[in-house]
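Step one of this worksheet: look at the structure below.
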Amino acid sequence: MQQDTQTSANSEQLELLAARELADKLAAQGQYDQAERAYITILMHTPSDATTLRNLGAMKWETADWTGARNCFERWLYHHPSATEPALWLARLAFNQRQFSRSFRIYQSLAECSALDVADGVAFVLCGERIGVEPDCVVNNFPQLTDWRHLSCIRERISLLYLRSGHITPALSWLLRREDSLLDDADVVEEGSSLSTRAREALTSYSLMPKSVLVIDDFLTPQALQSVRNSALSHANWRRSSSGHEAVADLSDGLVSATLLRAAHEVRTMLAIARPELAVSAIWHYRYFGNDVPPVPHADDGDISVNLWLTPQEYCLDNTGGGLTVFDAVAPQSYFSADSKQQARLLAQDIVGASNGTAVPYRFNRAVVFHGRSIHQTQPYRFGHSPEARRMNLTFLYD
Ligand SMILES: O=C(O)CCC(=O)C(=O)O
Ligand SMILES: [Fe+2]
């Protein structure tokens, strides 16, 4: 009799696993209605099954059904009151829905929870800010926040939050100041514009009357230029780019500073005069290797590209070139989802050869603004080889 009970419990368990596997598969394939029906059938038999509640909640989250997600996580917590995971999800959900007091309360109840990640830490600090709790108080109540190790991840999040809100709130400024290398930049931010007057005027006219290529000299103020260049030179996390000819670093590599964000945001403010929907979609730097690199045409998937050169003129050993050529042709849409081999084929020399190009020679602190999806290529260049002498550029992409 006991064995029978055991056997039937085992087979019920197996059935549950198989049913959940099927539901998960449907969800992964994007068949959300069918997946939901499958999850609900499981819950009718085992209403407290934590994994099913979590997976259904995660699917609801994925499809932006916040009420559905909240129901799942609340039921999960109801059946498993000491579990921290559903509480964490509820805190994140409340944060996403801008219910800052609620989110703050839940995070506070999780003070001992080691599952808190960087995103939770940042969300917690920001909730505190919204309800008038000083960031330092938050951190004192939350010891693991003083031990954030994923700095690049923190920086990326700060950047995204900044770019979304458009101004450095007290909590963001506090986050920036926690990082020694960003401290100087945080001061620059408070002092005002990082763009020269000439740059602001040129971008404003470009926004009202776009042209194919706009060249702006003396783009950043001297102070901002030095700050952006220093952050890039002291950055340790460069990766080899997909073409293999240069090193690249972007926000996700942690190459970000308050000045950089400020500049990206200011440029957007000018460009958005006639196109309010424009947003910063990417920020990256390239550092070029040796001088014998073949020119590789490419296009970037954004409406407006702002390329700025960051290596002082004395290191550019051939002042007649070393810059950028922007062709009149635009890359086909298929280019942006193709792999690098297909991309090379799509932009084969005949497309580039057939169209006219605007050649802009290299100048320190010169920005070239153009339609991002236009085909363009770095001109052959000769620069010095020491770290500070290598050719380096910064790109802001807006879409
Ligand atoms: O040659 C340059 O500096 C521009 C590089 C470029 O096209 C890019 O950053 O996407
Ligand atoms: Fe580019």
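The values are calculated or read from the model by the stated rules, or taken from the named source; none is laboratory data. Source: prediction; values computed, not measured. All Cβ positions, glycine included, derive from the backbone under ideal geometry; neighbour counts span all protein chains shown. The protein model used for the area step is the full one, side chains on, heavy atoms only, and it has no ligands, DNA or RNA in it. Shrake-Rupley method; radii C 1.70, N 1.55, O 1.52, S 1.80 Å.
For residue 25, a cut-off of 20 angstrom between C-alpha atoms picks up these lysines, skipping any fewer than 8 places away in its own chain: 60.
Solvent-accessible area of the range 1-82 (1.4 angstrom probe, protein heavy atoms only): carbon and sulfur portion equals 52 percent.
Ignoring the sites themselves, what is the longest stretch of the chain with no GluC sites (Glu not before Pro) in a DSSP loop and at most 12 other beta-carbon atoms within 10 Å?
On the way: sites that count: 112, 191, 277, 388.
No qualifying site falls inside 1-111, the longest such stretch.
For residue 385 and residue 117 in one chain, what is 0.36 nm times their gap in residues minus the Cα-Cα distance, to one decimal in nm?
Gain on stretching residue 385 to residue 117: 92.4 nm.
Against the empirical curve 2.2 N^0.38 Å, the C-alpha radius of gyration of the range 37-89 lands at a ratio of 1.02. Short to long, the 20 Å bins of the Cα pair-distance histogram for the chain hold 23, 44, 27, 5, 0 percent of all pairs.
Grab the alpha carbons of the range 68-121, take their convex hull, and tell me the volume per residue in Å³.
71
Taking 7 Å steps out from each Cα toward its Cβ at residue 291 and residue 328 produces label points 3.4 nm apart.
Based on the Cα atoms of the range 197-398, what semi-axes does the equivalent ellipsoid have, where each is the square root of 5 times one gyration tensor eigenvalue, given in whole Å with the largest first? Present the calculation step by step, with values, prior to reporting the outcome.
Working: eigenvalues 104, 96, 57 Å².
Over the Cα atoms of the range 197-398, the semi-axes work out to 23, 22, 17 Å.
Listed values for the range 38-50 are Karplus-derived 3J(HN,Hα) couplings in whole Hz (6.51 cos²θ - 1.76 cosθ + 1.60, θ = phi - 60°), namely 5, 5, 5, 4, 4, 5, 5, 8, 10, x, 9, 5, 4, and x replaces Gly and Pro.
Suppose the chain between residue 14 and residue 160 were pulled fully straight at 0.36 nm per residue; how much longer would it get relative to their current alpha carbon spacing?
Values: separation 146, 0.36 × 146 = 52.56 nm, distance 4.39 nm.
Between residue 14 and residue 160, full extension yields 48.2 nm more.
Averaging 1/r across all pairs of distinct Cα atoms in the range 1-132 and inverting the result yields a Kirkwood radius of 16.1 Å. Based on Cα atoms of the range 281-356, Rg over Rh with Rh as the Kirkwood radius reads 0.97.
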